[in-house]
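J.: Sharing a structure, written as structure tokens. Questions coming.
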Amino acid sequence: MTWNIDKAHSKIGFSVRHMMIAKVHGEFTNFDVQLNLDPVELGNSKIIANIDVQSIDTAQSQRDDHLRSADFFDVEAFPTINFQSTDFEKSGDDNVRLEGLLTIRGITKPITLKGEQLGPVKNPMSGVRSVGYSLTGELSREDFGLTWNKAMESGGVMVGKKVTINIDVEVAESE
């Protein structure tokens, strides 16, 4: 069954170490998700996501412009990040694991996201069934060609290699 993502209640975010002492958080504000979802038998589900890299937002425009440049995402050559699910399963009451293929800068690698499924519930405003997913995963940005960095005098580097992915989505059954 086809489900629609509720973008007003969904977020695709990330965090990465900055100068080895803090984390920078950001998100992609423009994305499209195609969901053929079976919330009871998740293995029957298929998810395809396309993220507009131009929509990156870290709340600092100069950093966002640098991230869009060839030093990082190279939005001119690679305007989208793509995800296609390969497996989706539920374990226990609310725990889920989503596996898929992630493509960044033309490089495709497997990724695993773990988290929870909440619902389904009936939306009291629309009467439509809705389900929420809160998922987290990690990747090495260098595996996707995002290798720009600067060494620091005190040791370490300007940008950490590990990126944490945080996804919170609310989806609604098609009417």
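The values are calculated or read from the model by the stated rules, or taken from the named source; none is laboratory data. Since we're looking at a predicted model, the values are computed, not measured. Note: ideal-geometry Cβ built from the backbone for every residue, glycine included; neighbour counts use all protein chains shown. Please note that ligands, DNA and RNA were not included when accessible areas were found on the heavy atoms of the full protein model with its side chains. Shrake-Rupley method; radii C 1.70, N 1.55, O 1.52, S 1.80 Å.
J.: Without any contact (Cβ under 8 Å) to a residue 40 or more places away in the chain and not acidic (D, E), is that true of L139?
T.: yes
J.: Say we look at the stretch 110-135 and pick out the residues that are loosely packed, with under 13 Cβ neighbours inside 10 Å and part of a strand (DSSP E or B); which of these is modelled with the highest pLDDT?
T.: Per the stated criteria, the residue is P110.
J.: Can you tell me which residues in the stretch 142-161 are modelled with pLDDT of 90 or more and open to solvent by less than 40 Å² (accessible area, probe 1.4 Å)?
T.: Within the stretch 142-161, F144, G145 meet the criteria.
J.: Check whether at least one residue in the stretch 162-171 is assigned to a strand (DSSP E or B), without any contact (Cβ under 8 Å) to a residue 60 or more places away in the chain and open to solvent by 30 Å² or more (accessible area, probe 1.4 Å), and report yes or no.
T.: no
J.: Which pairs do you get when a residue that is of a type in the set (D, E), found in the stretch 81-95, comes within reach of a residue that is loosely packed, with under 12 Cβ neighbours inside 10 Å and at pLDDT below 90, reach meaning Cβ atoms under 8 angstrom, with the pair 6+ apart or on two chains?
T.: These pairs meet every condition: D87/G43; E89/G43.
J.: Could you list all residues from the stretch 79-102 that are touching a Pro at 6+ places or on another chain (Cβ under 9 Å), under 20 Å from F144 (Cα atoms) and open to solvent by 60 Å² or more (accessible area, probe 1.4 Å)?
T.: T86, L101
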